[in-house]
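The values are calculated or read from the model by the stated rules, or taken from the named source; none is laboratory data. Since the model is a prediction, treat every value here as computed from it, not as a measurement. Neighbour counts run over all protein chains shown; Cβ positions are idealised from the backbone, glycine included. The area values use the complete protein model at the heavy-atom level, side chains included, leaving out ligands, DNA and RNA. Shrake-Rupley method; radii C 1.70, N 1.55, O 1.52, S 1.80 Å.
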Amino acid sequence: MRFDVAVCGGGLAGLCVARQLHREVPEAKVAVLERSRRPIPEACHKVGESHVELSSHYLGKILGLEENLEARHLKKNGLRFLCGDSQGPIAARPEIGPAEFPLVPSYQIDRGRLESDLRALCEQEGVALLEGVDVHDIELRGHGDHLVRTSEGEVRARWVIDASGRRRLLQKKLGLRRESPVAASAAWFRVRDGVRIGQLVPESERQWHARDIDDTRWLSTVHLMGVGYWVWIIPLASGYTSVGVVANADTHAFRGFNTPQRMRAWLARHEPRLAERLADVPFEDFGVRHDYSYMTAQVLSAERWACVGEAAFFLDPLYSLGNDFLSMANSFAVRCIGDDLRGDLDPAAAAELEGILLLLAADSSRTLSGNSRIFGDADVLGTKVWWDFFNYWGFSCRFFFSELWREPLDELRRFRAMAQRWYDLNTHAQRVLEAWARLREPGQAPRKKFVAMPAPRTVLADLHGSLLEDRDAEAAYARMEADHAVGVALVTELLVQALLDLGPTRAAALGEAVGLGRDWTLPISPERLAAEGLGRRERLSRLPPVARDLQRAVGRARSDTALAELLRLAEGAREAAVMAPS
Amino acid sequence: MSMSRDEIMEKVVEILSDSFELDPATIKPESTLYEELDLDSIDAVDIFVQLRDLTGRRPDPEKAKQIRTVDELVTFVEEELAAAERGDPEPETPLPAT
Ligand SMILES: Cc1cc2nc3c(=O)[nH]c(=O)nc-3n(C[C@H](O)[C@H](O)[C@H](O)COP(=O)(O)OP(=O)(O)OC[C@H]3O[C@@H](n4cnc5c(N)ncnc54)[C@H](O)[C@@H]3O)c2cc1C
């Protein structure tokens, strides 16, 4: 058998890439080689249910599945975090999440249901869906077709896409695996009940319930946060609820929650309100993943192969980015395959696309590691989520929504350089957040009971909404450039807030940790600092809008004694910033 | 959810003092929001977002715009609570638009 493209593995990544090939490179002869046969269970199939903006855009718009998503899955009310004391009532925990149902759509997906539908669609569209086929080996060849050896014989193909999930056929064969900075494990299960966060809060908590005007809080991916861990609660259209524990190795031993029985004990200890709700509810499809995170050295090659989905890399589920990377890897690979079959694949373009993908992966690995203390600190977490969403919507989502991977080589180069600038900014931000949480006195009363994310009428809400506007490459670039400038002011504000909050002695340690006066390269304007000494109205008139918006959302640090020290630190930082090449 | 006028006033004072660095003692029923308390239109958005938690309703921007004093704000909350009690529909384009 011979094909233009052999997709090894027909899970979410493989089925999506086959569909995308059918839509964008209709002349390609495509085979999907998948070990399992139908029927597959609807709900209790796989994790990776929570989809955020980028992957939802991929499924809805790029793959044209919008109607299917609306009819067969749940529209999601964003990501919601409940922080603070897990031993007390849920209503007393600070809440970070959307105040209004987000305009940019995202979904909770029943994986079995979606994969069944995708298998049927692929078949209808003329993809050769070969089920019950076990791929044993992929032999890459420099010239001519690659060779795929399977339980059912050999398949030859011009392109091979490894979509084998954790099996990672190519990564293992080529020795591409790299370590990830995330060291964490997860365990999960489904329950037949609709477990809703509102059920854990008595009716008498009127204000907590009143905040949820439309009764849509339960449609969020709910994260219960504690030091070194978080628990997900994801509602599914099939009526099931997905529950999972994700815990960092530095604070929680895997053996503490790696069986159903231990899981119950773990929940009773760390999340007693949820444990009470689940007391008589059977756990179905209990699954675990020890030390789940890994990186890779390569995902895409002009030598006619690509790794997509978990066959490429997997970092961490905190912000549900797994399927975002799947969406990007698929799209970048399909572009290269299209170019190749039309006879004009430029290896340099493939290299740029891969460079962008690996840079975004590195960016996310900064965002997703070193967070144990932050998970237990509502104030720092609120600030972090604000920045992380800004970073996510400002570059990754803009890049993807504007379909910039289709651009010619010189444009790709320009956007890769832009990605690098956002990466540098994020590196600064994560340094501040990590050190701030580490140096902060634990157990402080949280500043806000509810942090709207994004808060209405803020720079962040505007950025989010802007994803729905069409933009060509030129306009997208201009907006990224403008948002990056706002981002510089925002990260500077993170630093100012952290310094003020920590007070004079610890501020010096923070300055040391983030490299103030050494490699901290963002400008700190003297006007911004001087504004701290002024009355409210006067101060606000001098703040950049993004700084005011951040304070409106997450609150403001006040420490009059820290101001002098802050000014001194900033002076040193400014000198260094002037000297450092930008 | 019934609240007395005094309870509402207490809540309003709490929201204003917590959010805008105001001394609770300076917040009187007759205080004007934009002059005496020195708030601006962005602050107004934040006030109404927080009042939703109290009323469980999205406010009508036309009504909200008319409010000048703390006392009027209290009356507004009172009316919103009554509307919620009656199950009145929300305004078509409520505050806050994103
Ligand atoms: C704990 C955890 C939570 C997560 N939560 C989220 C989330 O909420 N949101 C999100 O976006 N992402 C999440 N992810 C990531 C998400 O699970 C993945 O992005 C996604 O499931 C990967 O899909 P895939 O197609 O690459 O792999 P899979 O869905 O595993 O598909 C691989 C397919 O290959 C087949 N296969 C394997 N080996 C062979 C072989 N040798 N021959 C033939 N066929 C083969 C398998 O049968 C399977 O069908 C999570 C990951 C983890 C570990």
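For this structure, a couple of remarks:
- Contact order, relative form, for chain A: 16 percent (alpha carbon pairs under 8 Å, 6 or more residues apart, mean separation divided by residue count).
- Per residue value of the accessible surface for segment A:377-530 (all protein chains in place, 1.4 Å probe), Å²: 34 Å²
- Tensor-based shape of chain A (alpha-carbon gyration tensor, a/c under 1.5 rounded, otherwise prolate or oblate): oblate
- Most simply put, chain A has about 65% antiparallel DSSP beta bridges, counting only bridges with both residues inside it.
- Residue (of A:Ile90, A:Gly382, A:Ala482) at the positive-pole extreme of chain A, dipole from beta-carbon charges: A:Ile90
- Segment A:291-397: trypsin sites (Lys or Arg not before Pro) in DSSP coil with no more than 11 other Cβ atoms inside 10 Å: A:Arg342
- Other-chain or far-sequence residues with amide H under 5 Å of A:Ser50's (modelled H): A:Ile109
- Once you reduce segment A:112-185 and segment A:1-77 to the center of their Cα atoms, the two points are 14 Å from each other.
- Within chain A, the selection of entire DSSP H helices by a Cα span of 24 Å or greater along the long axis and an average Kyte-Doolittle value of at least 0.0 returns A:322-341, A:347-368, A:473-514, A:562-579.
- Environment charge at A:His51 (Cβ cut-off 11 Å; Lys +1, Arg +1, Asp -1, Glu -1): 0
- Each Cα pair under 8 Å and six or more residues apart adds its separation to the average, and for segment A:377-579 the resulting relative contact order is 30 percent.
- Cleavage-rule hits, GluC sites (Glu not before Pro), segment B:1-57, DSSP coil, Cβ neighbours within 10 Å at most 11: B:Glu30, B:Glu35
- Taking other residues whose beta carbon is less than 9 angstrom from the beta carbon of A:Arg335, and scoring Lys, Arg as +1 and Asp, Glu as -1, yields -1.
- Shape category assigned to segment A:437-564 from the gyration tensor of Cα positions, a/c cut at 1.5: prolate
- Candidates per GluC sites (Glu not before Pro) in segment A:156-212, loop by DSSP, up to 12 other Cβ within 10 Å: A:Glu179, A:Glu203
- Peptide B:46-56 - average C-beta neighbours from other chains (10 Å radius): 5
- 222 nm mean residue ellipticity, helices alone, for chain A (DSSP H n ≥ 4; -39,500 (n - 2.57); rounded to 500): -13500 deg cm²/dmol
- Net length available on complete extension from A:Lys75 to A:Asp291 is 74.7 nm, with 0.36 nm assigned per residue and the Cα-Cα distance removed.
- Reachable aspartates and glutamates from A:Lys29, criterion Cα separation under 13 angstrom, eight or more residues apart if same chain: A:Asp4, A:Glu123, A:Glu125
- Cβ charges +1 (Lys, Arg) and -1 (Asp, Glu), total dipole of segment B:5-84, debye: 380 debye
- Each part gets one Cα centre, and for segment A:251-308 versus segment A:354-428 those centres are 25 Å apart.
- Nearest-20 debye value, segment A:377-579 charge dipole, Cβ charges on Lys, Arg, Asp, Glu: 640 debye
- Charge-dipole axis of segment A:452-547 as Lys and Arg at +1 and Asp and Glu at -1 on Cβ define it, positive-most pick from A:Gly517, A:Pro504, A:Leu463: A:Pro504
- Dipole magnitude (debye, nearest 20) for the protein assembly as shown, charges at Cβ of Lys, Arg, Asp, Glu: 2220 debye
- Segment A:308-440: C-alpha gyration tensor shape, a/c 1.5 cut-off, then a/b vs b/c: prolate
- Centre-to-centre, using Cα atoms only, segment B:1-48 and segment A:489-550 are separated by 28 Å.
- Peptides A:139-146, B:45-52 ranked from most to least packed, by the mean per-residue count of other Cβ atoms within 10 Å: B:45-52, A:139-146.
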